[in-house]
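Data block below; observations after.
No lab work stands behind these numbers, since they all come straight from the coordinates. Since we're looking at a predicted model, the values are computed, not measured. Here the Cβ positions follow ideal geometry from the backbone for every residue, glycine too, while neighbour counts run over all protein chains shown.
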Amino acid sequence: MVSPLAWRHAREARRAQARLLAAGPGVVATWGGTSRGEISLASDLDVLWWSPGPVAAPRVVAKSAAYVDVIRCTGDRDRLRDWATSNGTDLAGVLFARRPRGPAVLVEEFVDVRQRLWDDSRRRALMFVHLVSVACRAPSSQPSLRRAKFDEGGTRGWAWLGDCCRLLTGSPGTSTLRKLQNAVDDGLVGRDVLDAWRRAWRRRVAEERGEPGDGIPAADVAIWRAAVGSLLETAAPWLAESLDVPRPALAAIAESVTSGRSGVIASAAPVSSAHRMLAWMWGEPPTDAELAAALGAPDAWWTANAVLANPESGSDLILALLDHVSQHGEWWRDRNLILYSLRHSSADARVADLVDGLAQHLRDLDLRELRHLRTRLERGRTPDEGHLPDLRRSPLGR
């Protein structure tokens, strides 16, 4: 049975898509939690919009969503592919887009581009290690009050685990529960993940209603870690071949996930850009010089994101990364690098000041995060973790 909240969210998604299609010929689809049908009080409305012509996207609002996240691309099908492969957010949007709508010929082109991306084993493998690593490392590097979603064993980690199961098997899938059920049937994870996912979702709903809780039980964190470690071990041959990453490095990550340890990969002499990305995410962060060289090499966005997922990255390194972003002006591609910089536990007043100078390029979401950082710095501590604002009146967004 569909909840009233999910029904309203789906209605808002259809209205948003209709408004985008009315702006000019194009294709719209859902992605993220909207495409999975996993809706809570603080859920975003996730819509993808592609137009082959120079059409300006209208502003889209939705009463039922904390934040309307429209990822948008204009240009031909080659531009669509380049756009999707420039960063992880847009790649995930295209890979897991559901129910594309629009003129039949454009929908056919969109579906063809999406299938070619699914056929690209390296891209799928890169997304796999990115999602696994960020799900494990970001709770420490970018702590959130929304623990039931973002902590280890939270709903985002389970959703990304389901996505990784599909990235391994090579097809998008639908809801997280269905993806996990398929993974159980395929022997990729244990059956205990299904009930653990259901408990995670109930905790998130309760947290967003303001109900008191004690965080994620250690037993459920252990189930999640074991599932991620098991999937990594199964995927290791494919990942090693597709990304040119040494098997011992992948084995060390799998062991670290299960045990909760970090700093497991030596960063010396990485053999590929993907190996370097993993080393900087799971081991020691790079020096400023190493980062500068890597940002001019292939997979620069993935490398930068790895630095921001590492809790050991300092404010000087974040400043160097943001300086690169501001100099190159790829505002859409790098939008979430700015956001994650603001959320990082090492972000200081210098980070806030630098981002403040980029205000004309920021989204409402980024400006809100900038205000949160200023407040945290003024207080000299993070807000009380026992307090979660009423999301029905003041949504926190993602």
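Show me the ranking of peptides 182-189, 338-345, 213-220 by mean Cβ neighbours inside 10 Å, starting with the highest.
Those peptides, ordered most packed to least, come out 338-345, 182-189, 213-220.
List the relative contact order of the chain as a percent without decimals, with contacts defined as Cα pairs under 8 Å and 6+ residues apart.
Values: 609 pairs, mean separation 58.4, N = 398.
Computed value for the chain: 15 percent relative contact order.
Taking H as built 1.01 Å from N, whose amide H comes closer than 5 Å to the amide H of Leu45, not counting residues under 5 places away?
Counting only residues 5 or more places away or on other chains, the set is Ala66, Tyr67, Val68, Asp69.
Between Ser326 and Asp119, what FRET efficiency follows from the Cβ-Cβ distance if R0 is 30 Å, with the result rounded to 0.05?
Details: r = 36 Å, r/R0 = 1.19.
Computed FRET efficiency for Ser326 and Asp119 comes out at 0.25.
Sorting Val28, Val325 on the 10 Å Cβ count, fewest up front, what's the list?
On the way: Val28 26, Val325 23.
Fewest-to-most Cβ neighbours within 10 Å comes out as Val325, Val28.
Mind checking which of Val105, Cys73, Leu354 is farthest towards the positive end of the chain's charge dipole, using Cβ charges of +1 (Lys, Arg) and -1 (Asp, Glu) about the Cα centre?
The one lying farthest along the dipole's positive direction is Val105.
Per residue of the chain, what 222 nm ellipticity follows from adding -39500 (n - 2.57) for every DSSP H run with n ≥ 4, rounded to the nearest 500?
About -18500 deg cm²/dmol.
For the range 122-263, what relative contact order do you get, as a whole percent, if you take Cα pairs closer than 8 Å and at least 6 residues apart? Show your work: numbers first, answer last.
Values: 160 pairs, mean separation 34.9, N = 142.
Value for the range 122-263: 25 percent.
Return the Rg/Rh value of the range 122-263, two decimal places, where both radii are evaluated on C-alpha atoms and Rh is the Kirkwood radius. Present the calculation step by step, with values, prior to reporting the outcome.
Details: Rg = 14.6 Å, Rh = 15.2 Å.
Result: Rg/Rh = 0.96.
Give the dimensionless ratio obtained when the Cα radius of gyration of the range 4-119 is divided by 2.2 N^0.38 Å. Let's see the in-between values first.
Numbers: Rg = 13.3 Å, N = 116, 2.2 N^0.38 = 13.4 Å.
Ratio of Rg to 2.2 N^0.38 Å for the range 4-119: 1.00.
For the chain, what class follows from the C-alpha gyration tensor (a ≥ b ≥ c being the square roots of its eigenvalues): rounded when a/c is under 1.5, otherwise prolate if a/b is larger than b/c, else oblate? Don't skip to the answer; put the middle values down first.
Details: a/c = 1.12, a/b = 1.11, b/c = 1.01.
Judged from the Cα gyration tensor, the chain comes out rounded (a/c under 1.5).
First select every other residue whose beta carbon is under 11 angstrom from the beta carbon of Pro58; then total the charges, Lys and Arg +1, Asp and Glu -1. Can you show the working numbers first?
On the way: positive: Arg19, Arg59, Arg72; negative: none.
With Lys, Arg at +1 and Asp, Glu at -1, the net is +3.
Take the alpha carbon atoms of the range 181-255, find their center, do the same for the range 19-38, and report the distance between the two centers in whole angstrom.
29
Between the DSSP loop rule and a limit of at most 16 other Cβ atoms within 10 Å, which trypsin sites (Lys or Arg not before Pro) in the range 57-89 are left? Don't jump to the answer; show the numbers that get you there.
Values: sites: Arg59, Lys63, Arg72, Arg77, Arg79, Arg81; in loops: Arg59, Lys63.
Answer in residue order: Arg59, Lys63.
Would you look at the GNM of the chain, springs on alpha carbons closer than 10 Å, and say which of Leu337, Leu45, Leu194 moves the most?
Of Leu337, Leu45, Leu194, the most mobile in the Gaussian network model is Leu194.
With contacts defined as alpha carbon pairs under 8 Å and 6 or more residues apart, what's the relative contact order of the range 4-119 in percent? List each step's numbers first, then the result.
On the way: 201 pairs, mean separation 32.4, N = 116.
Computed value for the range 4-119: 28 percent relative contact order.
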